[in-house]
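Undergrad: My structure is below; once you've seen it, I'll send some questions.
Each value in this text was obtained by applying a stated rule to the coordinates, not by laboratory testing. Nothing here was measured: the structure is a model prediction, and the numbers come from that model. Cβ atoms come from the backbone with ideal geometry, glycine included; neighbour counts cover every protein chain shown.
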Amino acid sequence: MISSQPIEICFVCLGNICRSPLAEGVFQSLVNQEKLEDKIFIQSAGTGGWHVGSPPDPRMQETAKHKGIALTSVAQQFLPGDFKRFDWVIAMDRSNLETLEFMCSPATAKKKLRLFRSFDPQPDGKEDVPDPYYGRGDGFETVYQIIHRTCPKILDFLKTQLP
Ligand code: 4NP
C-alpha cells in the first residue's frame, strides 16, 4: 500500500541553538520553494538540554538573516522516544551521532540515522559540521556554507523516498 504520510526529518546537534536550527531553517526554505510543506515535516533538536526553550543563538540568527533565512525554532532536547516519530535523524557531527546511537537499536540507527556531511558534495575529507559556539565569529559563516550546499542534496534524497 502506498502511504501518504509525510516524511519527518530531525536535524540534531548538541545545544539546538546553532547548527541544527540553521539546518532546519535552510531545509524548510528549500521545501517551501518546492511546495513540499505537506509532504516533508522538519524539526531540529539537541542531544543536550541546557538551552531547552531558547531561541537560536543571536550570532546564528544574524548569519541566517543575511542570507534571507529567518530562524524560528525553540530549542528542544532529542529523546530516545523521538526515534519512533522521525523517519530520518541527521546528526551534525560524529559526537552527536555517537550520542544518538546510544539511544536506539543498531537496526534503527542503520535505518534512520545519518551524518549530515555524508550528504556534503564537497566534504574535503571532513565528517563534522564544526561547532561554532565557542569559536571565532567566522565559524558561523563556515557552518552556513556547509549547510547551504548540503541541504539540497538531502532534499534530493528525501524526494526519492516520497510516495
Ligand atoms: P550547537 O552549538 O550544538 O550547534 O547548538 C552549541 C550550543 C551550545 C553549547 C555547545 C554547542 N553549549 O555548550 O552550551
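Undergrad: How large are Rg and Dmax for the range 102-163 when only the alpha carbon atoms are used, in Å?
TA: Cα only, the range 102-163: 14.1, 43 Å (Rg, Dmax).
Undergrad: GluC sites (Glu not before Pro), restricted to the range 42-150: which are DSSP loop and have at most 14 other Cβ atoms within 10 Å?
TA: Glu127
Undergrad: Given 0.36 nm per residue, what is the gain on full extension from Lys84 to Phe157 after removing their alpha carbon distance, in nm?
TA: 24.2 nm
Undergrad: Is it possible to state the helix-based mean residue ellipticity at 222 nm for the chain, with each DSSP H run of 4+ residues giving -39500 (n - 2.57), the sum divided by total residues, to the nearest 500 deg cm²/dmol? What is it?
TA: -12500 deg cm²/dmol
Undergrad: Still on this structure, please answer the following. What is the local net charge at Ile40, summed over the other residues whose Cβ is closer than 13 Å to its Cβ (Lys, Arg +1; Asp, Glu -1)?
TA: It works out to a net charge of -4.
Undergrad: Assuming 0.36 nm per residue, please report the length gained on full extension of the stretch Glu127 to Gln145 beyond their Cα-Cα distance.
TA: Roughly 5.0 nm would be gained on extension.
Undergrad: If you wrap a convex hull around the C-alpha atoms of the chain and split its volume per residue, what is the figure in Å³?
TA: Each residue corresponds to 114 Å³ of Cα convex hull volume.
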